[in-house]
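Let me begin by presenting the structure, written as structure tokens, before commenting on it.
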Amino acid sequence: PNGMSKDFFKKIKNNNFKDKYKIKNKIVLFLGRLNPTKGVDKFAEIAKLTLKENKEATFVIIGPDEGMMAKVKKIIGKEKNILLLGQTKNREEVIKAYQAADIFVLPSYREGLPLTMFEAMASGLPIIASPVNGVPYEMKEPENGFLINYGNNEEFKKRIIQLLENEKLRKEISRNNIKKAKNYNWDLIAEKTMEIYQSKQ
């Protein structure tokens, strides 16, 4: 399976992500390629829908453009609580974004087994995702978050608001996800892989 660096489990001291972008609200994060399969346009639509009912969130989009940047900018329009930050190749900045966030949203219509899901779990984020391909095999509802069909923007909005307004639920899912993510660090995966090779000798 996918694995990730142990760096994602380490709390960054003096995380300045929110100060850097002048964010005072809770953060709902999309981090991934700006590709049609990832549903980043749906994320922008869901953000605008949510902000009509709950103004206490800032929606942040981070990732390289793969053909969707212009469309996403058009959807965002003049909405100040949706930030399109583009790509960062600095791992520490990526970790800061995860750790500053409160909710991770993955509204894809096609996936393999997304590494970002495990990175978000390691960062203690509740996840709201489309149940496509490998996602529902590794993410269970409600212990890891919520599974919602691609394109059901109303249900995404509903669950985002539920998590924004329910700190107890966010913390409970956060604990579950940190625990689960520990199964996906590279050291453990390497050890299990070697066990398989050795068992065939």
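Go through region 21-36 and give me each residue that's part of a loop (DSSP other than H, G, I, E, B) and either buried (at least 24 other Cβ atoms within 10 Å of the Cβ) or among the small types (Gly, Ala, Ser) (or both).
Taking region 21-36 first, the residues part of a loop (DSSP other than H, G, I, E, B) are 21-25, 32-33, 35.
Matches in region 21-36: Gly32 only.
The condition (being in contact (Cβ under 8 Å) with a residue 60 or more places away in the chain, closer than 22 Å to Asn25 by Cα and either open to solvent by 10 Å² or more (accessible area, probe 1.4 Å) or of a type outside the set (Phe, Trp, Tyr) (or both)) is satisfied by just one residue among Asn54, Asn81: Asn54. Residues in region 1-33 that are in contact with a helix residue (DSSP H, G or I) (Cβ under 7 Å, 6 or more places away or on another chain) and within 20 Å of Lys80 (Cα to Cα): Phe17, Lys18, Lys26, Ile27, Val28, Leu29, Phe30, Leu31. None of Glu66, Glu92 is within 16 Å of Phe17 (Cβ to Cβ) and open to solvent by 50 Å² or more (accessible area, probe 1.4 Å) except Glu92. Within region 37-81, being more than 28 Å from Asn133 (Cα to Cα) and part of a strand (DSSP E or B) holds for Ala57, Thr58. Within region 145-164, the set of residues being open to solvent by less than 10 Å² (accessible area, probe 1.4 Å) and either in contact with a Leu (Cβ under 7 Å, 6 or more places away or on another chain) or within 24 Å of Ser5 (Cβ to Cβ) (or both) comprises Gly145, Leu163.
Of the candidates Glu172, Glu167, Glu138, the single residue that is surrounded by fewer than 21 Cβ atoms within 10 Å (Cβ to Cβ) and within 16 Å of Asn2 (Cβ to Cβ) is Glu138. Within region 11-20, if we keep just the residues that are in a loop (DSSP other than H, G, I, E, B) and over 16 Å from Glu119 (Cβ atoms), the residue that is least open to solvent (accessible area, probe 1.4 Å) turns out to be Asn16. Glu79 falls short on exactly one of the conditions (1) at pLDDT 95 or above; (2) at positive phi, and that condition is (2).
Within region 166-188, the only residue that satisfies the criterion of being in contact (Cβ under 8 Å) with a residue 60 or more places away in the chain and under 14 Å from Ile128 (Cβ atoms) is Arg170.
The values are calculated or read from the model by the stated rules, or taken from the named source; none is laboratory data. Worth saying up front: this structure is predicted, and the values here are computed from it rather than measured. No Cβ is skipped: glycine too gets one built from the backbone with ideal geometry, and neighbour counts run over all protein chains shown. Side chains are part of the model used for accessible areas, which takes the heavy atoms of the whole protein and leaves out ligands, DNA and RNA. Shrake-Rupley method; radii C 1.70, N 1.55, O 1.52, S 1.80 Å.
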